[in-house]
Amino acid sequence: MATTNNKPWFKRPTPNNKSKSVAIIGGGIAGLCLAFKLNEAGFKVSIIEKRNNLLSAASGNPAAILEPYLTVGDSVHQEFYAAAYPYAIDFYNNAGDGIFHNCGLDRIAKNEQEQEKFIKFQKIYPENFLELTEQGIHFKNSGYLLPQKLLEYIPETIDIKCLTLANSIKRTRNKWVIKDEQDKQILKCDILIIANAHDALKFEETNHLPLDKVSGQITFTTPQEKIKKVISSEGYYIPNVETKYGAADIMGATFERKNVNEVTEEAHEENIEKSPSKRKETDVIGGRRSNRAMVHDHLPVVGAVPDQDFYNSEYKTLHHGPFHQKWKDAEYHDDLYIFAGLGARGFLSSPLLSEYLTKMITGDENNLSERVSNALHPGRFMIRKLSKK
């Protein structure tokens, strides 16, 4: 059906209110937060994870900080992260005891120019969002969370299938069929959500998404008792966390676009050099490396998966301008959604985005503005490309 909406390519899909079974491919923080929300909404939820445990890849660090992405001006990034930050703190505080540690977070300015920017932040963001200090800004409500602690509070009603590789997906008789490497059926479901980061590109329906693989390493050092809060600047510092090496301070994280899979001494040196703790002596006791998925516009990719053929056919003349004709509403693959590209702030953004995607699936009122929803839309890349032809 045609519409006069000037951005019908971003219109939300029609919800399938008869659907009750949901499968999530990917057991990182995105998949886990989404499973919590969908379970609360009454869905029968399954998580399919190729590794032996949930929160094992990019979400597998022993601790994760909650620091919002700050920008000057009325940008969509500012609006999204200003909403995601307090929502995440509330989510983790209420998810279970011992998950979130509200020790505070200091962001240290690298130079005078950055401190001047911080002064502007104080005028832009709400009064209780941040506090200006002599060295930078302080987030009194922030701190770090222990991801593995979150696993202790997974509802028994959520079905978890670890060591299970979702190799292919197919729509058959109003169901999604997921198969493994031996072409054996893993399960059938009404609704399918792809939340396996860069591996989303293996599926034909989502292989057009510009998901980049970025490698990052953290460094574990002997703990220093004097520092009790999280500090960030060029790098970050988390004090005294229990790891497989014992108690350790955590320094991180590198940002490497090259394909690196092993922990390196060079990355340790980089983390120590840019650490805001400024320790005179540092004993490295271990490290961890993983890959994140992100996109060039630094926003997640969340929503219904667009029908590529429909977009390329119906919106092919967009480069003439969006107002010269009536456009059909967007079409999507039935009951297929994507939740990926969270980058380095997956723990911060996943709770709010899980609420957003759950409301999209159920047809409830959107909890994000139209501007933010459009900026997260999986079809935005095709629309940008078609607009420039």
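The values are calculated or read from the model by the stated rules, or taken from the named source; none is laboratory data. Here the structure is a predicted model, which means the values were calculated and not measured. In this analysis, Cβ positions are derived from the backbone assuming ideal geometry, glycine residues included, and neighbour counts consider all displayed protein chains. Just the protein is used for accessible areas: all its heavy atoms, side chains included, with ligands, DNA and RNA removed. Shrake-Rupley method; radii C 1.70, N 1.55, O 1.52, S 1.80 Å.
For the reader, a short list of remarks on this structure follows.
- Three principal axis lengths of segment 161-320 [C-alpha, angstrom, descending]: 62, 47, 27
- For the pair residue 272 and residue 111 in one chain, pulling the backbone fully straight at 0.36 nm per residue adds 56.1 nm over the alpha carbon distance.
- Three-way shape call for segment 136-178 based on the alpha-carbon gyration tensor, with the a/c threshold at 1.5: prolate
- The overall shape of segment 72-119, judged from the alpha-carbon gyration tensor, is oblate: a/c is not under 1.5, and a/b is no greater than b/c.
- In the chain, a dipole from Cβ-located charges (positive for Lys and Arg, negative for Asp and Glu) runs towards its positive end, and of 378, 197, 333 it is 333 whose Cα lies farthest in that direction.
- Per-selection Kirkwood Rh - the chain (Cα, Å, 1 d.p.): 22.0
- Candidates 257, 173, 289: whichever shows maximal mean-square fluctuation once the chain is modelled as a Gaussian network with Cα springs under 10 Å: 173
- Charged-residue dipole, Cβ positions (Lys, Arg, Asp, Glu), segment 8-56 about Cα centre, Debye nearest 20: 200
- Spatially proximal lysines relative to residue 202 (Cα-Cα < 17 Å; intrachain offsets below 8 disregarded): 50, 170, 179, 213
- Charges were assigned to the Cβ only: +1 to each Lys and Arg, -1 to each Asp and Glu. The resulting dipole of segment 273-363 about its Cα centre is roughly 720 debye.
- Euclidean distance between Cα centres, segment 32-65 to segment 189-219, Å: 15
- Kirkwood estimate for segment 247-389, i.e. one over the average of 1/r between Cα atoms, Å: 18.6
- Three-way shape label, segment 163-203, alpha-carbon gyration tensor, a/c 1.5: oblate
- Share of carbon and sulfur in the accessible heavy-atom surface of segment 104-215 [1.4 Å probe, %]: 43
- Cα centroid separation, segment 80-144 to segment 357-389: 27 Å.
- Per residue solvent-accessible surface (Å²) - the chain, probe of 1.4 Å: 48
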